[in-house]
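Some notes on the structure that comes next.
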Amino acid sequence: MFAGGGTGGHLFPAIAIADEIKRLEPNAEILFIGTKEKIEARVVPQKGYAFRTIWISGFHRSLRISNLLFPLKVLVSLMQSYAIIKQFNPDVVVGTGGYVSGPIVYMASMMKIPTLIHEQNGYPGVTTRLLGKRVDRVCLTFEQAKKYLPRQDNVVVSGNPTRSMLDNVNRNEACAYFGFDSAGAQKTVLVFGGSLGAASINEAMMQTLEHWAAHHIRIIWQTGKEDFERVKGATRRHDGKFIWVNAFIDRMDYAYAASDVVVCRAGATTIAELTRLGKPAILIPYPYAAADHQTENAKAMAESGAAVMVKDSEASTRLVELITSILQDSTKLNEMGNISKKLGKPRAGKEIANMIVELKRA
């Protein structure tokens, strides 16, 4: 049983691990737990996995009326978690972060079912910090996350799982998926702000549409749901010529394969995918992330030479120059890609899947 979601950063590592478990044990039964409003409700069934929901949401740091319901939601979700676990009777329960994983993993540990948490960020989330001492195994992406955990004897630094489906995608086929003629000599930029989008990145790109058209640079642009209609309206006359726009990208394997450089946030899962594929990137960290962990992620990539870091507040003034200069320097582009590839940990999903199978056998 997998519990995790709210954002792609929590969901896609879970899917990557589940895929590896199915390779190890093709007859394994896998159930995902999430919420009905978030990304997991749409993506998990698309991937062919069973899906159930619980009634839980995050506790907002700002004063909101919805916070008054939080204690009730926790109580109800714990009861729902108990009922689902009793019915499904899992051998192992895996949490990959986000508020949805808390009730499921906590209840599984109370019921003496083997548990594993995967933590994507250098500063562990609330669920990992609270449940780290209760679970059988904690798999970390970054070594520095260890110091925030209550136990060390159950911790393994595994890296962040990424989907093997990202590998070995034909670029011409990928370009065709987005309505572009072929890979050709034209350069392509992939722009996305995570599964929820990023308003500052969208705004910066909207201000520069004529530049991309004039320089024959193609754009694959994921806006997020909130900004989609606004961006779609601004790009309508260019749509289908050199630009593809949508609220979400269902085929990220095609998006990465078609792109020469990626403009994006610096979440842990995004970094893991970039380094698995060796993609040069311009990273714009989300400035309000917990413990500013995205800035730390971006700094590490920038210092290695695999990416360039741009502050969120500077996106509107720096993006045009940076994207254009990187695309015009093929030596620099190749160098960044090679460094990025060396930083990747493509076996993380397999290693975590093996741990899960071992927990089951124990």
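The values are calculated or read from the model by the stated rules, or taken from the named source; none is laboratory data. Everything numeric here is computed off the predicted structure, so don't read it as measured data. Note that we place each Cβ from the backbone using ideal geometry, even for glycine, and neighbour counts take in every protein chain shown.
For region 71-79, the condition of being in contact with a strand residue (DSSP E or B) (Cβ under 6 Å, 6 or more places away or on another chain), under 18 Å from PHE32 (Cα atoms) and not polar (S, T, N, Q) holds for none of the residues. When region 231-248 is filtered for residues that are modelled with pLDDT under 90 and more than 15 Å from GLY193 (Cα to Cα), the ones remaining, listed by number, are LYS232, GLY233, ALA234, THR235, ARG236, ARG237, HIS238, ASP239, GLY240, LYS241, PHE242. Consider GLY97 carefully, then state whether it is of a type outside the set (Asp, Glu), touching a strand residue (DSSP E or B) at 6+ places or on another chain (Cβ under 8 Å) and assigned to a loop (DSSP other than H, G, I, E, B). When the stated conditions are applied, GLY97 passes them. Does region 124-131 include one or more residues that are under 29 Å from TYR254 (Cβ atoms) and not aromatic (Phe, Trp, Tyr)? For region 124-131, residues under 29 Å from TYR254 (Cβ atoms) and not aromatic (Phe, Trp, Tyr): absent. Every listed requirement among (1) farther than 23 Å from ARG230 by Cβ; (2) within 18 Å of the chain's Cα centre (by Cα); (3) of a type outside the set (Asp, Glu) is met by SER304 save one, (2).
Residue check: is LYS299 part of a helix (DSSP H, G or I) and among the basic types (Lys, Arg)? Yes; evaluated as a whole, the condition is true for this residue. In region 128-146, what residues are part of a loop (DSSP other than H, G, I, E, B) and not β-branched (Val, Ile, Thr)? Across region 128-146, the qualifying residues are GLY132, LYS133, ARG134, ASP136, PHE142. Of everything in region 317-362 that is without any contact (Cβ under 8 Å) to a residue 24 or more places away in the chain and of a type in the set (Asp, Glu), the residue that is surrounded by the fewest Cβ atoms within 10 Å (Cβ to Cβ) is GLU321. Within region 19-39, if we keep just the residues that are crowded, with 24+ Cβ neighbours inside 10 Å and among the hydrophobic types (A, V, I, L, M, F, W, C), the residue that is farthest from ILE56 (Cα to Cα) turns out to be PHE32.
Between GLY5, GLY48, the distinction of being in a loop (DSSP other than H, G, I, E, B), surrounded by 19 or more Cβ atoms within 10 Å (Cβ to Cβ) and not polar (S, T, N, Q) belongs to GLY5 only. Screening the candidates VAL94, VAL135, VAL105 for the property of being under 20 Å from the mean Cα position of the chain (by Cα) and not small (Gly, Ala, Ser) yields one hit, VAL94. Which one is surrounded by the most Cβ atoms within 10 Å (Cβ to Cβ), of the residues in region 118-172 that are under 27 Å from ILE219 (Cβ atoms) and of a type outside the set (S, T, N, Q)? Among those residues, the one meeting the criterion is ARG163.
Residues checked against (1) at positive phi; (2) of a type in the set (A, V, I, L, M, F, W, C); (3) surrounded by 17 or more Cβ atoms within 10 Å (Cβ to Cβ):
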{"residue": "ALA174", "(1), (2), (3)": "no, yes, yes"}
{"residue": "TYR177", "(1), (2), (3)": "no, no, yes"}
{"residue": "ALA198", "(1), (2), (3)": "no, yes, yes"}
{"residue": "GLU203", "(1), (2), (3)": "no, no, no"}
{"residue": "THR223", "(1), (2), (3)": "no, no, yes"}
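Picking from residues in region 1-56 that are farther than 19 Å from LEU78 by Cβ and of a type in the set (Ser, Thr, Tyr), the one that is farthest from the chain's Cα centre (by Cα) is TYR49. Part of a helix (DSSP H, G or I) and touching a Gly at 6+ places or on another chain (Cβ under 6 Å): does that describe LYS332? No. Applying the condition of being small (Gly, Ala, Ser) and either outside any helix (DSSP H, G or I) or modelled with pLDDT of 85 or more (or both) to region 59-94 and asking which residue is farthest from GLY8 (Cα to Cα) yields ALA83. Being of a type in the set (D, E, K, R), at pLDDT 90 or above and either surrounded by 24 or more Cβ atoms within 10 Å (Cβ to Cβ) or over 30 Å from ARG42 (Cβ atoms) (or both) is a condition met by at least one residue of region 304-311.
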